[in-house]
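Asks: Quick one: structure below, then a few questions.
The values are calculated or read from the model by the stated rules, or taken from the named source; none is laboratory data. In this text the structure is predicted, and so the values were computed from the model without any measurement. A quick note on method: Cβ atoms are made from the backbone with ideal geometry, for glycine too, and the neighbour counts reach across all protein chains shown.
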Amino acid sequence: MTVSRFSGIFGHLDLWTILLYAVIVVLGAVSIFSASYNENSVNMFASSHFYMKQAVWIGIASCAALVVLLLDKRFFHMLAYPAYFAGLAVLVAALFFGREVNGAKAWFEFGSVRIQPVEFVKIATALALARAMSSYSFSINRPGDLLKVGMIICMPLMIIILQNDTGSGIVLGSFLFVLYREGLNKWLCIPILLIATLFITSFLLSSTALLILLILICTLSEAMMSGEWRSRIVYLAALALSSLLIWLVMHFAAPGAVTFYGALLAVTFLSFFFIAAYAYRANLRSIFLPVALFVGALIFLSTTGYIFDNILKPHQQNRILSFLGIRSDPLGIDYNVNQSKIAIGSGGWTGKGFLQGTQIKYGFVPERHTDFIFCTVGEEWGFLGATAVLILMCLLIMRLMRMGERQQEPFGRVYCYCVASILLFHVLVNVGMTIGLMPVMGIPLPYMSYGGSSLVAFTMLLFIAVRLDASTRQFPLESQMP
Amino acid sequence: MNGPADSLFRMRLLQGVVLLVFALLIGRLAWLQLFDERYEEMAKANVLRHVVLYPPRGEVLDRNGEFLVQSRECYDLMVIAREIDKRGFDTVRLCEVLNIPIERVRRELANARMRPRAPRLVASYIAKEDKLRFDECNFRGFYTVYRTVRRYPRKVGGNLLGFVSEVTAEYLKRHPYYQAGDYVGLTGVESAYETVLRGNKGVKIQEIDTHGEIKGSYMDGHYDSLPDPGRSIVSTIDARLQLLGEELMRGKVGAAVAIEPSTGEILMMVSSPTYDPDELVGRQRGNNYMRMLRNKRRPLFNRAVKAKYPPGSTFKVVQGLIGLQEGVLRPSDLHECHMGYQVGRQRMACHAHSSPLDLRFAVATSCNAYFCYVFRDILDNPKYGGVKEGFDVWKEYVHSFGFGRKLGSDFLDEGHGYVPDLEFYNRRYRRSWNSLTLLSLSIGQGELGCTPLQLANLAAIVANRGYYYIPHIVRRIEGQDSLDARFYERHYTMVDPKYFEPIVDGMWRGVNVAGTSTDAYLEGWDVCGKTGTAQNPHGKDHSTFLSFAPRNNPRIAISVYVENGGYGAAAALPIASLLEEFYLTDTIRRPELLQRIKNMNIYYPSYDR
C-alpha cells in the first residue's frame, strides 16, 4: 500500500519543474566554480573551495527534496501554523542570540555551518498563508480576514526588519502578488504599491507633501473601490478648506503656533468621526480598510525618518541614497554596483568564455559567488547566456503559476503562487541590483548563489509545491478538504 | 467577485506582470551588454596595466664629433610590499648598497604597504654600479627599472642644451603623449628637438587583479611593443670654443654668440652666468634648481636669445647701410664733427677725432655726429613727404636685418627684441615729434632692444655682404638627410649687396688701420669689427663688439655683449678677439690677455644688491 502510493507520487511529479530546477542549479554550480576557481590552488578538490562546499549543499538539498516528496501532503497542511510560530520564535531568538553578518543579526552558527533562519521562515509563512486563505469561511475582502492575512505577513516582516535584514524582510511583501490572485481588490493593491514607493522616496519630500499624497491615494482608491465619487470629492474639498481656514486663522491669531501640516493632520483625524458615522449609516464597512491603511502608512512614514537615521546602518543609507541618485561615489558605495555593471557590460553578445571573465577572475566584483553570481553569468556567457538564465527563471515561475491554477484546493494554489512570488521578487531584486536597476539589498539569486541555507530552503520551498501538485494529479477526484 | 472569469483575468494579469519584469531585466541587460560600449573600456581599464619601457634618450655631439650630452643608464628602485621577506630585511644595508637615505626608504615603504601588491617607486637615479651591487644582494620584493639620465662630459652649454625634467601636471594636459613619470626636455636643444631625442616608449601590457598583482601578459604580448631609442643629434656647436667662451665670460653678465656666416650655424652661444648642466640631473636637481632660481643674476635665463640689449654703436653699421640704399648717403660724403652734433639745444656728444670725415672713417672711429646726420637724412627724406613716413621706411629696413622679430631659429624660446613703431612714438610724444626727437636711435640707443643672437646675425649679414641663413643649433639629425628647409634659404636684407663694401671697409679700417677696434687685430686674418658702448640706466655702459673674420670668405661672425663692461673695447672686444683667434688658429698667442680677461670680474650693483 505505502510502496504503491509513493511510486504513484513519483509517477505524477511535474517533470518540467524538476528539470528547470536541475538545470538552474547546475548552471549555478558552474558559475560558482568559475567565480571561485583559483588556478594556483594545489588541490582543486579541496573542501575549502566554495564550489566543493556548494556540491555538498546540492547533495543535502537533493536529500531535502526527496524527504519533502516522501511526506504526505496533509502533513504540510497540518504543520503550517506550528512551523510558522516556530519560525517566529527562531527569528526572535536570532534577534537575541544570533550572529551578526554584514550588519544583519540574522544568522545561527553551528560549528562551521551558518544557517539563516529567514530562508526557512519564508516557507513557513507561505504555508501559513496558504492554510489561512484556504479555510472554508475565508473571504479576502472581509476586513477581519484581510487583517489576519496582513498579520501573518507582517509579523515575520517586522522581526526581520528589526534584525536589520531589510532585503529579506521586504521579500515577504511580495505576497501582495498572491493576495491579488486570491481576489484582493486592486484598489487596495495599488495604494499599497504607491505607499511602498512613497516609503522609499519619503526623504525626498516634505512631510506636508507626504501627508497630502497619502490622503489623496487613500481617498481616491476608496472612491475607485466603491464607485462613489461625489461624496469623496466633497470630503477632500472639505478637508482642504477647513484645514486652510484653521491655518489662516491661527496664522493671524497666533503666528507660528500651528503649521499647515498640523492643521491638516488635526482636521483629518477629526474627519474620522464623520467617516465612522457615514460608514454605519451607509452600512459600508469596507471604508475602514483605506482608513486603516492611511493610519498604518502615516505611522510608518512618520517613523521613516527615524528609521532611516537610526535603524538603517550607514551602508544601507548610502545604498539607498546612491540608488536614488542623491549621492554618487564610484569608489565608495557605488563600487559594488559599478564593478558589477562593468563585468556584465563587458560580456557583449557571447561573453568571454568559461573561466575567462577578467573582472570575475581577478576579483574586481565583490561577493561574486554569492549575491553577485549573476555577474559571472553575464561576463562569461554574455547576453545570450544571461538571457537564457533569465528565461529559465521566467519559465520556472510561469510553471509554478500554472501548477497553482490546476490545483483543486486553494491551499495548493495559494502555496504555488507564494513560491512564484518569492522567486519573482528574488530574481527581480538580485538581477536588478547587478545591472543597476535596483538598490543593493543583499538577497541571493535562487538556486544559483552560493549559500547552503538559501539553496536548501529554496529547494524545499519548490518541492513542497511539486509534492502538493503531484497529489492533485494522482487523485484528481479527491475531495477538497482532507 | 471571485468567479472563474475574474480568476482567469487575474492570472493573466499576473502572468503579464511576470513577463514584464523579465522583459525589463532583459532589456536592461541588452542595453548594458550590447549597446553601451563604455563598460568594455572600463573593464579593460580595471584589468590591464600598461608597463612603460623607456627608450634611451638620444645623445648630442658637437660639430667635431665630441659628446656634448650623453645618456647614462640609471635605474628606478621599485618595491612590491607584499613580496618583501616576511622576516624583515636589512634596511640599512639596502640603503648603503644603493646610496639612498634611510628615512626615504622607510617613508616609501610605509606608503607601499597601503597597496601591498602594487609596484611602487622608492628611489630614482640609482647609478649603474649601485644597481649591479644591488643585483648581487637579492632583496626580495625590490627590483629596478631601466631609465636614462643626461651626462655632460664637457660641462658646457647649460642654457644652450637645456635640461630634462619629469613632466609637470600642466605639461601633461597639453601633451597627451606623455604620462606621469616621463622625462621631457624643457629648454634649449632638449626641448627644440624633444621628439627626435626622446624616441618612442615601448609598452608591455599586463593583466592585474583587483589588488594590483600581476597575473600575466595580455593576449600573449600581441599588443606589446619595444621601445624605439631616441636619435642622436650633431649640433653646430664647437665644444672647445664654447668652453673658452664660457671661461672668458665668467664673472661678467652678458652673452656671446658666434655664427658661421656661410651656413648660419651657431658655433658658440654663451649666456653668462651659466651653470654646470650636470647640476640639473639626479637627486639634487630640485635643490640646485631652486638655488639657481634664487640667484639674482638669473643663470637660468638664456640671455643669448632672450635678453633685449641696446645695440649701441654697432647699430651705426645698419644706419650707414640704410643711408646708402636710400641714396641719402654716399661713401664719400663728408660731415663735420666737433666733439658732437648740435641742433639748437639738443646735443649728441662725440669723442675727439679729425673733422670732417667720410663714411669709412666714421665707421672706423665710431663718430656719433656722422650717423646723426645720416639718420636724420633717412627720416627727413623729402621723397616720403614727412618724418612719420620716413620712420616707417627706416623701420622696414631694420626689420629686414632681423631686428624686432624672431629670426626663426630652432630655439623655441627665442626672444623678439624690440624696435619701436610709429604708434609708440605717437603715444609717447602725443604725435608731436620729429627726426630730432628720435636722435638717440641713430647711435643704437633709445628704445631699441636686440638679442645677442640678432647682433651676431647682423655680423653675419655684413660678413656675407647682404644676406643671412637663419641661425641654427643643429647640424645633422641621425636618420634624417636634411634639416628643416628654412635653414638652407638665403634671407636678403633690403639693402643691396653692393652697398656693403664701404661699411666692411670701415670695419676693417677700425681694426687694421686706426679706430676704436685696433686691439682686435690678428696678423694675417683681416679681422673686421665694430665696437659699441651703450648707455643704460643700470650703471656703467654696456660693452659690446661686433666682428667677423677674415674680411673675404669670412669663417666666423661674432657678437659679444658684456653688461656694464664699459667701453666696447674694454671688455667685449678682447673676448671676441680671443675667441676669433682660437677658432681661426686653434691657439692663443696672447696668454696675458687671456688671463686678464678670464680674471676680470665686473661688479653688478643692480644684480647683487
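Asks: I need a count of the residues in the stretch B:509-553 that are surrounded by fewer than 24 Cβ atoms within 10 Å (Cβ to Cβ), under 15 Å from B:E260 (Cα atoms) and either touching a Gly at 6+ places or on another chain (Cβ under 6 Å) or not basic (K, R) (or both).
Replies: 3
Asks: Regarding A:F294, is this residue in a helix (DSSP H, G or I), away from chain B (no Cβ under 14 Å) and modelled with pLDDT under 80? Before you say what the answer is, go through the steps one by one.
Replies: On the way: in a helix (DSSP H, G or I): yes; away from chain B (no Cβ under 14 Å): yes; modelled with pLDDT under 80: no.
No; evaluated as a whole, the condition is false for this residue.
Asks: Within the stretch A:428-439, which residues are within 10 Å of chain B (Cβ to nearest Cβ) and closer than 20 Å to A:I153 by Cβ?
Replies: Within the stretch A:428-439, just A:L428 meets the criteria.
Asks: Among the residues of the stretch A:33-42, is there at least one that is in a helix (DSSP H, G or I), under 26 Å from the mean Cα position of the chain (by Cα), surrounded by 15 or more Cβ atoms within 10 Å (Cβ to Cβ) and at pLDDT 90 or above? So that I can check it myself, show each step before the final result.
Replies: Keep residues of the stretch A:33-42 that are in a helix (DSSP H, G or I), which gives A:33-36.
Those still in the list that are under 26 Å from the mean Cα position of the chain (by Cα) too: none.
Looking through the stretch A:33-42, none of the residues is in a helix (DSSP H, G or I), under 26 Å from the mean Cα position of the chain (by Cα), surrounded by 15 or more Cβ atoms within 10 Å (Cβ to Cβ) and at pLDDT 90 or above.
Asks: Which ones in the stretch B:126-144 are polar (S, T, N, Q) and touching a strand residue (DSSP E or B) at 6+ places or on another chain (Cβ under 9 Å)? Spell out the reasoning first.
Replies: We begin by selecting, within the stretch B:126-144, every residue polar (S, T, N, Q); these are B:138, B:144.
B:T144 - this is the single residue of the stretch B:126-144 that is polar (S, T, N, Q) and touching a strand residue (DSSP E or B) at 6+ places or on another chain (Cβ under 9 Å).
Asks: Does A:L176 satisfy being surrounded by 14 or more Cβ atoms within 10 Å (Cβ to Cβ) and modelled with pLDDT of 85 or more? Please lay out each step first, then the result.
Replies: Details: surrounded by 14 or more Cβ atoms within 10 Å (Cβ to Cβ): yes; modelled with pLDDT of 85 or more: yes.
Here the answer is yes, as A:L176 does meet what is asked.
Asks: Further question: Please go through (1) touching a residue at least 60 places away in the same chain (Cβ under 8 Å); (2) within 11 Å of chain B (Cβ to nearest Cβ); (3) surrounded by fewer than 18 Cβ atoms within 10 Å (Cβ to Cβ) for A:L355 and return the number of the only condition it doesn't satisfy.
Replies: Going through (1) touching a residue at least 60 places away in the same chain (Cβ under 8 Å); (2) within 11 Å of chain B (Cβ to nearest Cβ); (3) surrounded by fewer than 18 Cβ atoms within 10 Å (Cβ to Cβ) one by one, A:L355 breaks only (2).
Asks: For A:L210, work out the one condition from (1) surrounded by 16 or more Cβ atoms within 10 Å (Cβ to Cβ); (2) modelled with pLDDT under 85; (3) within 14 Å of chain B (Cβ to nearest Cβ) it doesn't fulfil.
Replies: (3)
Asks: Kindly indicate which of A:A55, A:A130, A:A94, A:A89 is in a helix (DSSP H, G or I) and either modelled with pLDDT of 95 or more or surrounded by fewer than 13 Cβ atoms within 10 Å (Cβ to Cβ) (or both). It would help to see each step written out before you state the result.
Replies: Numbers: A:A55 fails: either modelled with pLDDT of 95 or more or surrounded by fewer than 13 Cβ atoms within 10 Å (Cβ to Cβ) (or both); A:A130 fails: either modelled with pLDDT of 95 or more or surrounded by fewer than 13 Cβ atoms within 10 Å (Cβ to Cβ) (or both); A:A94 fails: either modelled with pLDDT of 95 or more or surrounded by fewer than 13 Cβ atoms within 10 Å (Cβ to Cβ) (or both).
So the residue among A:A55, A:A130, A:A94, A:A89 that is in a helix (DSSP H, G or I) and either modelled with pLDDT of 95 or more or surrounded by fewer than 13 Cβ atoms within 10 Å (Cβ to Cβ) (or both) is A:A89.
Asks: Okay, next question. Restricting the stretch B:384-406 to residues that are modelled with pLDDT of 90 or more and touching a Gly at 6+ places or on another chain (Cβ under 9 Å), which is nearest to B:Q319 (Cα to Cα)?
Replies: For the stretch B:384-406, the residue satisfying everything is B:V398.
Asks: Among the listed residues B:S191, B:S271, B:S262, which satisfies the condition of being more than 14 Å from every other protein chain (Cβ to nearest Cβ), hydroxyl-bearing (S, T, Y) and assigned to a helix (DSSP H, G or I)?
Replies: Working: B:S271 fails: assigned to a helix (DSSP H, G or I); B:S262 fails: assigned to a helix (DSSP H, G or I).
The match here is B:S191.
Asks: For the stretch B:546-571, which residues satisfy the criterion of being in a strand (DSSP E or B) and within 14 Å of B:A364 (Cβ to Cβ)? Talk me through it step by step, then tell me what you get.
Replies: Kept after step one, since they are in a strand (DSSP E or B), are these residues of the stretch B:546-571: B:546-549, B:556-562.
Within the stretch B:546-571, B:L546, B:S547 meet the criteria.
Asks: Checking B:E83 against (1) farther than 29 Å from B:L226 by Cα; (2) more than 9 Å from chain A (Cβ to nearest Cβ); (3) over 41 Å from the mean Cα position of the chain (by Cα): exactly one of these is not met. Which one?
Replies: The number of the failed condition is (1).
Asks: Being of a type in the set (K, R) and facing another protein chain (nearest Cβ under 10 Å) is the filter; apply it to the stretch A:375-427 and report the residue that is nearest to A:G173 (Cα to Cα).
Replies: Step one: filter the stretch A:375-427 for residues of a type in the set (K, R), giving A:399, A:402, A:406, A:413.
If we keep only those that are facing another protein chain (nearest Cβ under 10 Å) too, we end up with A:402, A:413.
Working: A:R402: 22, A:R413: 18 Å.
Looking at the filtered set, the residue picked out is A:R413.
Asks: If I go through the stretch A:442-473 residue by residue, how many of them are touching a Ser or Thr at 6+ places or on another chain (Cβ under 7 Å) and farther than 14 Å from A:F76 by Cα?
Replies: 6
Asks: Checking A:A223 against (1) more than 14 Å from chain B (Cβ to nearest Cβ); (2) in contact (Cβ under 8 Å) with a residue 24 or more places away in the chain; (3) of a type in the set (A, V, I, L, M, F, W, C), only one condition comes out false. Which one?
Replies: Of (1) more than 14 Å from chain B (Cβ to nearest Cβ); (2) in contact (Cβ under 8 Å) with a residue 24 or more places away in the chain; (3) of a type in the set (A, V, I, L, M, F, W, C), only one is false for A:A223: (2).
Asks: Let me ask another. Among the numbered conditions (1) more than 7 Å from chain A (Cβ to nearest Cβ); (2) in contact with a Gly (Cβ under 6 Å, 6 or more places away or on another chain), tell me where B:Y39 comes up short.
Replies: Checking B:Y39 against (1) more than 7 Å from chain A (Cβ to nearest Cβ); (2) in contact with a Gly (Cβ under 6 Å, 6 or more places away or on another chain), the one that fails is (1).
Asks: Take the stretch B:289-317 and flag every residue that is aromatic (F, W, Y), more than 14 Å from B:Y418 (Cβ to Cβ) and buried (at least 19 other Cβ atoms within 10 Å of the Cβ).
Replies: Step one: list which residues in the stretch B:289-317 are aromatic (F, W, Y), which gives B:289, B:301, B:309, B:315.
Restricting the remaining residues to those that are more than 14 Å from B:Y418 (Cβ to Cβ) gives B:289, B:301.
Across the stretch B:289-317, there are no qualifying residues.
Asks: Before we move on, is B:R283 over 23 Å from the mean Cα position of the chain (by Cα) and surrounded by fewer than 18 Cβ atoms within 10 Å (Cβ to Cβ)? Walk me through it before giving the result.
Replies: On the way: over 23 Å from the mean Cα position of the chain (by Cα): yes; surrounded by fewer than 18 Cβ atoms within 10 Å (Cβ to Cβ): yes.
Yes; evaluated as a whole, the condition is true for this residue.
Asks: So how many residues does the stretch B:79-94 have that are surrounded by fewer than 19 Cβ atoms within 10 Å (Cβ to Cβ), of a type in the set (A, V, I, L, M, F, W, C) and over 13 Å from B:R106 (Cα atoms)?
Replies: 1
Asks: Here is a follow-up. Going residue by residue through the stretch B:416-433, is there one that turns out to be within 21 Å of B:Y561 (Cα to Cα), buried (at least 21 other Cβ atoms within 10 Å of the Cβ) and in contact (Cβ under 8 Å) with a residue 40 or more places away in the chain?
Replies: For the stretch B:416-433, residues within 21 Å of B:Y561 (Cα to Cα), buried (at least 21 other Cβ atoms within 10 Å of the Cβ) and in contact (Cβ under 8 Å) with a residue 40 or more places away in the chain: present.
Asks: Identify all residues within the stretch B:273-305 that are among the aromatic types (F, W, Y) and either in contact with a Leu (Cβ under 8 Å, 6 or more places away or on another chain) or closer than 18 Å to B:L243 by Cβ (or both); write none if there are none. Full working, then the answer.
Replies: Step one: of the stretch B:273-305, the residues among the aromatic types (F, W, Y) are B:275, B:289, B:301.
Across the stretch B:273-305, the qualifying residues are B:Y275, B:Y289.
Asks: Please work out which one of (1) outside the structural domain of A:V101 (by TED's automatic domain parsing); (2) buried (at least 19 other Cβ atoms within 10 Å of the Cβ) is the condition A:L216 fails and give its number.
Replies: (2)
Asks: Now for a different question. Please tell me if B:G408 is over 22 Å from B:V513 (Cβ atoms) and under 39 Å from the mean Cα position of the chain (by Cα). Steps first, please.
Replies: On the way: over 22 Å from B:V513 (Cβ atoms): yes; under 39 Å from the mean Cα position of the chain (by Cα): yes.
When the stated conditions are applied, B:G408 passes them.
Asks: Filter the stretch B:333-363 for residues that are assigned to a strand (DSSP E or B) and surrounded by 13 or more Cβ atoms within 10 Å (Cβ to Cβ) and give the result.
Replies: Residues satisfying the conditions are B:H335, B:G340, B:Y341, B:Q342, B:R347, B:M348, B:L357.
Asks: Could you check the stretch B:401-417 and list, in sequence order, the residues that are over 16 Å from B:P311 (Cα atoms) and small (G, A, S)? Before you say what the answer is, go through the steps one by one.
Replies: Residues of the stretch B:401-417 that are over 16 Å from B:P311 (Cα atoms), as a first pass: B:406-414.
Within the stretch B:401-417, B:G408, B:S409 meet the criteria.
Asks: Among the numbered conditions (1) surrounded by fewer than 21 Cβ atoms within 10 Å (Cβ to Cβ); (2) outside the structural domain of A:L400 (by TED's automatic domain parsing), tell me where A:P143 comes up short.
Replies: (2)
This table checks each residue for (1) more than 8 Å from chain A (Cβ to nearest Cβ); (2) farther than 30 Å from A:I342 by Cα; (3) exposed (fewer than 13 other Cβ atoms within 10 Å of the Cβ).
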| position | (1), (2), (3) |
| --- | --- |
| B:R12 | yes, yes, yes |
| B:L24 | no, no, no |
| B:Q33 | no, no, no |
| B:N46 | no, no, no |
| B:Y54 | yes, yes, no |
| B:E66 | yes, yes, no |
| B:C74 | yes, yes, no |
| B:A110 | yes, yes, yes |
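Asks: Something else now. Given the conditions (1) among the basic types (K, R); (2) farther than 30 Å from B:I237 by Cα; (3) not in a helix (DSSP H, G or I), which single one is not true for B:R154?
Replies: (2)
Asks: Is it the case that B:Q206 is outside any strand (DSSP E or B), touching a residue at least 60 places away in the same chain (Cβ under 8 Å) and more than 17 Å from the chain's Cα centre (by Cα)?
Replies: Values: outside any strand (DSSP E or B): no; touching a residue at least 60 places away in the same chain (Cβ under 8 Å): yes; more than 17 Å from the chain's Cα centre (by Cα): yes.
For B:Q206, the condition - outside any strand (DSSP E or B), touching a residue at least 60 places away in the same chain (Cβ under 8 Å) and more than 17 Å from the chain's Cα centre (by Cα) - is not met.
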